[in-house]
Amino acid sequence: MTFKKDLSIDFLGVKCENPFFLSSSPVSSSYEMISKAFESGWGGVFYKTVGIFIPDECSPRFDIGTKESTVWTGFKNMEMISDKPLEVNLEYINKLKRDYPNKVVAVSIMGSTKEEWEELSKLVTEAGADMLECNFSCPQMTSSAMGSDVGQNPDLVYEYTKAVVSKTHLPVVAKMTPNLGNIEIPAIAALKGGAKGISAINTVKSITNIDLEHLTAMPVVNGKSSISGYSGAAIKPIALRFVADLLKHPDIRETHISGIGGIETWQDALEFLLLGARNLQVTTSVMQYGYRIVEDMISGLSYYMDERGVSSLDEIIGTALPNIVSAEELDRDFKIIPEIDEEKCANCGRCYISCFDAGHQAIDWDEEKRLPKVNDNCVGCHLCLNVCLVLGCIIPGEVKFKEGRTPHEVEIKEIYE
Amino acid sequence: MTRTIDLEYGKSMKRKLNIRTAMEEASRCLLCHDAPCSRDCPAGTDPGSFIRSIRFRNIKGATETIRKNNILGGCCSLICPREKLCEEACSRTGIDKPIRIGELQEFAIEQEKIFGMEVLKAPKDKKKGKIACVGAGPASLACAAKLSLEGYDVTIFEAEEKPGGVLTYGINPSRLPQGVVEHDIKKIKDLGVKFVMNKRIDGKKDIKKLKDDFDAIHIGVGLGKSKEIENKYINKNIDGVINALDFLKTARENNGKIDIGEDVIVVGGGDVAMDCAMTAKQIGTNISIVYRRTIEEAPASYEELEIVQKMGIPIITNFAPEKTIEENGRLAGVSFRSRDGHSTMNFKVDKLILAIGQEASLGYRDLKLSDGIFASGDLINGGETVVQAVADGKKAALDIIDYLNKKEAK
């Protein structure tokens, strides 16, 4: 695929050839791995968290979520920060920057004391990194002095960010945990501490499956398991919500956000951009499919821009955000009655079942012809449309205004893939 | 009672994939490292990449990959013997059954039409030299497209009224609708390739003349002549005995509305024989296939044999035609003898269609390629697939470019 638009973008004053970055994780652990990723087209990397602490990892350490025959709906990871000595990581960072001057090397760091944060900040800056990311959010650290326990505590976030900023001239990004109610609180603490950007989100604390053989969670580590971070497609909706929360906040809205959570395709990526993220981080889909997935992200986003006549990402970033409003601001004057295309209908009756058992008994079933028909009970919830497996069979139809409401123009979504 | 398929002439037997069903199929793909399907496509169409693009919702990227690698990507998606190529190599076979690669390719090419995509862009000014491509079949089309993309001024000369060669005249339209052929050819025209139709370049003398006006010549005339049966008791000249290529062509030109009598026999075991049988069945005749060897030895693709079987067309193996029987100067019957010589079989026949292979037309037999004259496709490889002709045509284009570069350097 050679068709490419200019996908370059400024993130915290650093020019990135595209917004696609590897996140700090197993996929960004060494020089060899990251150089392969750069050759594949990734614009930059958040180098796997560097610390003074060297973790003692368990085996096995991963599990996946599934639904029906689909695997990897989500991914559970128990691995902690880099298991390499600090000197080795610093050497790799230095070499990456030397060999790939046009790629962006951001480095994730994590200390357990103020002094460690300061030292890491200084050393990584000297190694030649382009920016620093404070890991305040790993949910599977073996010490509560590190990771998401820190990220939930705004005072510690403030103190450690300040420590990092004091030892570097580079832009500092704070990586947020989703394992809390209001992400804005620690984010604002980080900004007060001098952070320039926010990454959101880290993984969601989870138990993916209970093993019926050993009566513990998955993965089974000698008969036991622990709660740890969940990522991948399943958490994209949660990540998008947190990104929107951040950018809606008056004290954060000008901040550059790096969006993370379940990005697999150019469309996923675009969704984060449309909410206002200026940088994107990916791990889980790389773990499943490899670095090569960036090729279709670059190509797909380029074709989208071409189709829309967009010449720079800046033109589209954040354009969906104003349309995400509070529940009370929604236009509730009407209902859109679904329209069922009898020609396309596969006569399965799933819409009928769902509407009866979970909706408003608004579909009649013609037993003879095996055809569904919408009746007057319909409230326009569109459960049927979401249940139907046939492309284009159930689509939004007539707009009916509630009694006493003034009819007006209503925008209707027409394309459901 | 076994149910057979009643397939109207020109109607397709498969429901096309849409974005949702294509995604479902692409999701079955194992997304292999060093994809074996891509390795096993002669033309380098690269299914490994385009299926991955579909899987990651980059449909336009998928189309781009196909069109860049295989200028006849639309046609190949329908007629490629995939079970011997990409789908045979498919790793998914190790679990259950291969990915429906052809259908995914067809889906992607369909999107090209819907979006009005122009994947290939050739230089407008053709300054690099003039090249004549003789014949408008797959090899010549692929060669011409590649040369035009590289900035050469290419003219295709074709004896028939329409371009496409075997694609337009030699395949049953239920397998390959004319619209698909025309869409692929339009992509070649859009590159600036000129087409001179109804112009037969008939062998050495004509080619020598062309040489005065062109810097190089590519011959891709294919095997345009049906082979004659070597049996003096089969009277080829009576009313009722026809050759396969003429039959398929007449049927296509008349959209299947031809009268060939009631009882029809097709002799042969290749794809052309199967296409003839399908066509004869669709026209409404009582059709049988008689093949001199076994099914295992038949060169027809599995898919073609399957269609014929599904349509309820009998295939009689190990019998060869021995003698035609005439009445009032026209064909009335054919007798066949078994391979082991023991049995004979007599048929009442209105039409005997001979589909026993093709050969080069007279002017191109024992063709010697002199300076600046190149050839590829069936004419050279002895009769292979369309996808092989695309591969050969592309390769011939590179040889021509190399030749012209060297000539210029002198």
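The values are calculated or read from the model by the stated rules, or taken from the named source; none is laboratory data. All values reported here derive from a predicted model rather than from experimental measurement. Here Cβ is always computed from backbone atoms with ideal geometry, including for glycine, and neighbour counts include all displayed protein chains.
Overview of results
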{"read-out": "Matching residues in the range B:72-102 - criterion: being assigned to a helix (DSSP H, G or I), touching a residue at least 24 places away in the same chain (Cβ under 8 Å) and either within 12 Å of B:Arg28 (Cβ to Cβ) or assigned by TED's automatic domain parsing to the domain that holds B:His183 (or both)", "value": "B:Ser91, B:Arg92, B:Ile101"}
{"read-out": "Selected residue [touching a Phe, Trp or Tyr at 6+ places or on another chain (Cβ under 6 Å), farther than 27 Å from B:Ile19 by Cα and hydrophobic (A, V, I, L, M, F, W, C)] from A:Phe356, A:Phe334", "value": "A:Phe334"}
{"read-out": "Cβ-Cβ under 7 Å pairs, at least 6 apart or on other chains, the range A:251-274 side more than 14 Å from chain B (Cβ to nearest Cβ) and free of Cβ contacts under 8 Å to residues at least 60 places away in the same chain, far side crowded, with 23+ Cβ neighbours inside 10 Å and charged (D, E, K, R)", "value": "none"}
{"read-out": "Single match in A:Ser148, A:Ser121, A:Ser137 (criterion: of a type in the set (Ser, Thr, Tyr), crowded, with 20+ Cβ neighbours inside 10 Å and at pLDDT 95 or above)", "value": "A:Ser121"}
{"read-out": "Scan of the range A:1-21 for residues that are away from chain B (no Cβ under 14 Å), surrounded by 16 or more Cβ atoms within 10 Å (Cβ to Cβ) and either of a type outside the set (A, V, I, L, M) or in contact with a Lys or Arg (Cβ under 9 Å, 6 or more places away or on another chain) (or both), ordered by number", "value": "A:Ile9, A:Phe11, A:Leu12, A:Cys16, A:Glu17, A:Asn18, A:Pro19, A:Phe21"}
{"read-out": "Among (1) in contact (Cβ under 8 Å) with a residue 60 or more places away in the chain; (2) assigned to a helix (DSSP H, G or I); (3) within 25 Å of A:Pro26 (Cα to Cα) - the single one A:Ser199 does not satisfy", "value": "(2)"}
{"read-out": "Residue in the range A:366-389 that is nearest to B:Leu17 (Cα to Cα), counting only those that are crowded, with 17+ Cβ neighbours inside 10 Å and in contact with a Lys or Arg (Cβ under 8 Å, 6 or more places away or on another chain)", "value": "A:Cys388"}
{"read-out": "Residue within the range B:4-14 that is touching a helix residue (DSSP H, G or I) at 6+ places or on another chain (Cβ under 8 Å), in contact (Cβ under 8 Å) with a residue 60 or more places away in the chain and of a type in the set (Phe, Trp, Tyr) present", "value": "yes"}
{"read-out": "So B:Ile109, is it within 14 Å of chain A (Cβ to nearest Cβ), not hydroxyl-bearing (Ser, Thr, Tyr) and not in a loop (DSSP other than H, G, I, E, B)", "value": "no"}
{"read-out": "Residue in the range B:387-405 that is out of contact with any Asp or Glu (no Cβ under 7 Å at 6 or more places or on another chain), in contact (Cβ under 8 Å) with a residue 60 or more places away in the chain and assigned to a loop (DSSP other than H, G, I, E, B) present", "value": "no"}
{"read-out": "Some residue of the range B:355-365 being touching a residue at least 60 places away in the same chain (Cβ under 8 Å), of a type in the set (Phe, Trp, Tyr) and outside the structural domain of B:Asp215 (by TED's automatic domain parsing)", "value": "no"}
{"read-out": "Candidate set: the range B:23-45, residues that are at the interface with chain A (Cβ under 10 Å from one of its Cβ atoms) and in a helix (DSSP H, G or I); chosen: the one surrounded by the most Cβ atoms within 10 Å (Cβ to Cβ)", "value": "B:Met23"}
{"read-out": "Which numbered condition A:Ile395 misses (of (1) part of a loop (DSSP other than H, G, I, E, B); (2) within 14 Å of chain B (Cβ to nearest Cβ))", "value": "(1)"}
{"read-out": "A:Thr2 being in a strand (DSSP E or B) and at negative phi", "value": "no"}
{"read-out": "Which listed residue is assigned to a loop (DSSP other than H, G, I, E, B), farther than 30 Å from A:Ile207 by Cα and not β-branched (Val, Ile, Thr), from A:Pro101, A:Pro139, A:Pro60", "value": "A:Pro101"}
{"read-out": "Test set (1) surrounded by fewer than 17 Cβ atoms within 10 Å (Cβ to Cβ); (2) of a type outside the set (Ser, Thr, Tyr); (3) without any contact (Cβ under 8 Å) to a residue 60 or more places away in the chain - A:Ile227 fails condition number", "value": "(3)"}
{"read-out": "Contacts under 7 angstrom Cβ, first residue in the range B:280-292 being assigned by TED's automatic domain parsing to the domain that holds B:Gly270 and part of a helix (DSSP H, G or I), partner surrounded by fewer than 21 Cβ atoms within 10 Å (Cβ to Cβ) and small (Gly, Ala, Ser), 6 or more apart", "value": "B:Gln282/B:Gly256; B:Ile283/B:Gly256"}
{"read-out": "Subset of the range A:275-293 that is surrounded by 19 or more Cβ atoms within 10 Å (Cβ to Cβ) and farther than 20 Å from A:Pro171 by Cβ - its residue that is nearest to the other protein chains (Cβ to nearest Cβ)", "value": "A:Ile293"}
{"read-out": "Yes/no for B:Met1 being at pLDDT below 95, under 19 Å from B:Cys75 (Cβ atoms), assigned to a loop (DSSP other than H, G, I, E, B) and not aromatic (Phe, Trp, Tyr)", "value": "no"}
{"read-out": "Enumeration of residues in the range B:198-235 that are part of a loop (DSSP other than H, G, I, E, B) and among the small types (Gly, Ala, Ser)", "value": "B:Gly203, B:Gly220, B:Gly222, B:Gly224"}
{"read-out": "Any hit, the range B:375-389, residues being in contact with a His (Cβ under 9 Å, 6 or more places away or on another chain) and within 19 Å of B:Val134 (Cα to Cα)", "value": "yes"}
{"read-out": "All positions within the range B:88-111 that are closer than 24 Å to B:Gly179 by Cβ and under 22 Å from the mean Cα position of the chain (by Cα)", "value": "B:Arg100, B:Ile101, B:Gly102, B:Glu103, B:Leu104, B:Gln105, B:Glu106, B:Phe107, B:Ala108, B:Ile109, B:Glu110"}
{"read-out": "Filter pass, B:Lys68 being buried (at least 21 other Cβ atoms within 10 Å of the Cβ) and within 30 Å of B:Cys143 (Cβ to Cβ)", "value": "no"}
{"read-out": "Sole exception among (1) within 14 Å of another protein chain (Cβ to nearest Cβ); (2) within 23 Å of B:Asp184 (Cβ to Cβ); (3) of a type in the set (D, E, K, R); (4) part of a loop (DSSP other than H, G, I, E, B) for B:Lys11, by number", "value": "(1)"}
{"read-out": "B:Leu17 being within 11 Å of chain A (Cβ to nearest Cβ), over 23 Å from B:Glu306 (Cβ atoms) and in a loop (DSSP other than H, G, I, E, B)", "value": "no"}
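The rows are residues; the columns are (1) in the same structural domain as B:Phe247 (by TED's automatic domain parsing); (2) among the aliphatic types (A, V, I, L, M).
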site	(1), (2)
B:Leu141	no, yes
B:Glu160	no, no
B:Gln178	no, no
B:Leu191	no, yes
B:Lys199	no, no
B:Lys209	no, no
B:Phe214	no, no
B:Glu230	yes, no
